[in-house]
Amino acid sequence: MANIPSLQVLNVSNNDLYGPLPQDLSTLSSLHTLDVSSNRFTGQLLSDGLANFSSLQVLNVSSNGFNGSLPSSSSSRNMPHLRLFLASDNDLSGDLPFHLCQTAPFLQEMDLSFNNFSGTISKGIGHCGSLQVLDLAHNNLVGNLPQDLYNLTSLTMLRLTRNNFDGELHNAIGNLINLTHLMLDYNNFTGQLPPNLSSCTNLKVFIANANKFNGSLDVVRFNEFSMLENLDLNSNAFVGSIPSSLTECAALKSINFARNKLSGEIPSSLSECVALKSINFESNKLSGEIPSSLYRLKNLTTLSLSSNNLNGSIRSLDGSEHLVSVILSKNVFNEALPDKMQGISNVQVFALGNIRLFGSIPEWLKNCTKLQVLDLSWNNLSGSIPPWIGSFPHLFYLDLSNNSFSGTIPPELFSLQALINPDNKQTGLQSTEAPEFPPSINLSHNQLQGSIPSQAGSLIMVVNMDLSFNNLSGNIPETIVDMTYLESLDLSHNSLTGGIPPSLANLRFLLYLNVSYNQLEGSMAIGNELSKFSNERYAGNPRRYFDCWVVPNSSSRGGKSQVVCA
């Protein structure tokens, strides 16, 4: 390096380099761009090497293993031209290095996210008047935001996500008139939103979920945000109604007010926001009829209104081809499932649990071949379970519990390809995009009879299976041992006979097993995996398996001990 002192750009990013940065970097006095990001460099970051970087404009050390505190003011005094300082995703700690702004007055972007910085944002931030992007997300920062922060009028993005900031937002936030992205989520901010937030008329993204904000949303003039696209205020304590000024946000694509204390009706004028793709008002105190005009928003793909006191008609969904996710559970529809509908064939998540539906499962649902989640639980539905449900190629979550379904469990139900094939592309959705819907089959609390089909073992991807509180008879199928990923199995309160298959002990992920209140009997020796379940899970059988003891394995070759219950 010392042999090329005129070097201006050094980019070794996205390699597999490791160890501390070489000391002779400090000889590159002409260097204006240094990018060592996405490697495995370690050690203290350029503790003494910054002194000769008088021409440096771009310093990118992100995604490495640098640790310790950042250089002191004296070490960084000769970087007057620094414009970009990117140090995210390291193990840096100590105080925030806002002293850099004193010697680098043109610093425009500082990204210190995903580190271990602690303490407060110091008053030194007032020297960073040229900052346009400040990202401090995912650190251990605390305290109120200092008044000096509100003087950074060049800021276009302020990201403070996942720290421990508290206190109220000052009304002076209205000074930040160039802000396009304001992200305050997962902190402890309190109080109402400041009225002068309305002065940030360039906002495109405002995310403040998972805080302790309260008060009415009407203090903010949302109609001033003509460019607002993403508004997320979920998981706070806002009260009052959904502000009518929202309807003038012509660019709005996503709105999330879930898990607040909002009341009143959903304004029908919200349908004037024709760019809307996602609406989430779940877990509030909203009432009245769901405006049917919402279903007609041609760009809307996700509608979640669960856990309110809303009413409406399922028939209003007819013709909503654009909808992909419809979650209306825990409301008060009180109607029969319509026997004829068309035009919602693209729906993937259809959750209508606990909305007082009655009637039977209609034939038109068979046309929703893209279904991944179907929840009709806690209603008054009756009749038999249609065998064609098993033909849905992508369905991985089925909940028909707490209804009055009768007849036998159709064997075809255990032909769901998304739960059979571990290579099915839908398996990634369960743990990432839809964690509230783990791979499940829940038919509990119905009037089903007959035996459990032996085909149940085909569903190797199922995590939860609940067939409890029915009138099922016959033996527990041995094939259940093939349900490799099973974590919870509830067969209680039926009329099952025979014994508990010893092979169930081979289900290594099984965390919950309940076979109580059946007609099971017989002594057994089972693998120690089942020893962790309390006797209550076997109660109510003629032979209750209350007396269990561990028999250590005496073989010199090792192996499992056994739990003998008799």
Anything in region 18-33 that is over 15 Å from Asn90 (Cβ atoms) and either hydrophobic (A, V, I, L, M, F, W, C) or surrounded by 20 or more Cβ atoms within 10 Å (Cβ to Cβ) (or both)? List them, or say none. Leu25, Leu28, Leu31
Sort out for me the strands (runs of 3 or more DSSP E) sitting completely within region 278-378 that have 3 or more residues that are under 23 Å from the mean Cα position of the chain (by Cα) and either at pLDDT 95 or above or of a type in the set (Ser, Thr, Tyr) (or both). 278-280, 302-304, 325-327, 349-351, 373-375
Taking region 61-80 and keeping residues in contact with a Ser or Thr (Cβ under 6 Å, 6 or more places away or on another chain), at pLDDT 90 or above, within 21 Å of Ser26 (Cα to Cα) and assigned to a loop (DSSP other than H, G, I, E, B) leaves Ser62
Over region 449-486, the set of residues in contact (Cβ under 8 Å) with a residue 60 or more places away in the chain and more than 26 Å from Val326 (Cα to Cα) is Leu472
For region 123-155, name all the residues that are part of a loop (DSSP other than H, G, I, E, B) and on the phi > 0 side of the Ramachandran plot. His138
Restricting region 462-504 to residues that are of a type in the set (S, T, N, Q) and not in a loop (DSSP other than H, G, I, E, B), the one nearest to Leu398 (Cα to Cα) turns out to be Asn464
Apart from one, (1) under 27 Å from the mean Cα position of the chain (by Cα); (2) surrounded by 21 or more Cβ atoms within 10 Å (Cβ to Cβ) all hold for Leu176; the odd one out is (1)
Odd one out for Leu86, checked against (1) within 14 Å of Leu176 (Cα to Cα); (2) buried (at least 16 other Cβ atoms within 10 Å of the Cβ): (1)
Test for Ser382: is it modelled with pLDDT of 95 or more and assigned to a loop (DSSP other than H, G, I, E, B): no
Pair list, Cβ < 6 Å and 6+ apart or interchain, from region 121-138 residues that are under 15 Å from Asn163 (Cβ atoms) to residues that are hydrophobic (A, V, I, L, M, F, W, C) and part of a helix (DSSP H, G or I): Ile125/Leu149
Residue in region 91-106 that is under 25 Å from Ile207 (Cα atoms), at pLDDT 95 or above, part of a loop (DSSP other than H, G, I, E, B) and not charged (D, E, K, R) present: no
Take region 339-353 and flag every residue that is touching a strand residue (DSSP E or B) at 6+ places or on another chain (Cβ under 9 Å) and surrounded by 15 or more Cβ atoms within 10 Å (Cβ to Cβ). Ile344, Val347, Gln348, Val349, Phe350, Ala351, Leu352, Gly353
When the residues of region 127-162 are filtered to those that are among the polar types (S, T, N, Q) and under 23 Å from the mean Cα position of the chain (by Cα), which remaining residue is farthest from Glu109 (Cα to Cα)? Asn140
Test for Leu429: is it out of contact with any strand residue (DSSP E or B) (no Cβ under 6 Å at 6 or more places or on another chain), at pLDDT 95 or above and within 23 Å of Val373 (Cα to Cα): no
Filter region 215-253 down to the residues that are under 11 Å from Phe281 (Cα atoms) and in contact with a Ser or Thr (Cβ under 8 Å, 6 or more places away or on another chain) and list them by number. Asp232
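The values are calculated or read from the model by the stated rules, or taken from the named source; none is laboratory data. None of these values were measured; they are calculated from a predicted model. All Cβ positions, glycine included, derive from the backbone under ideal geometry; neighbour counts span all protein chains shown.
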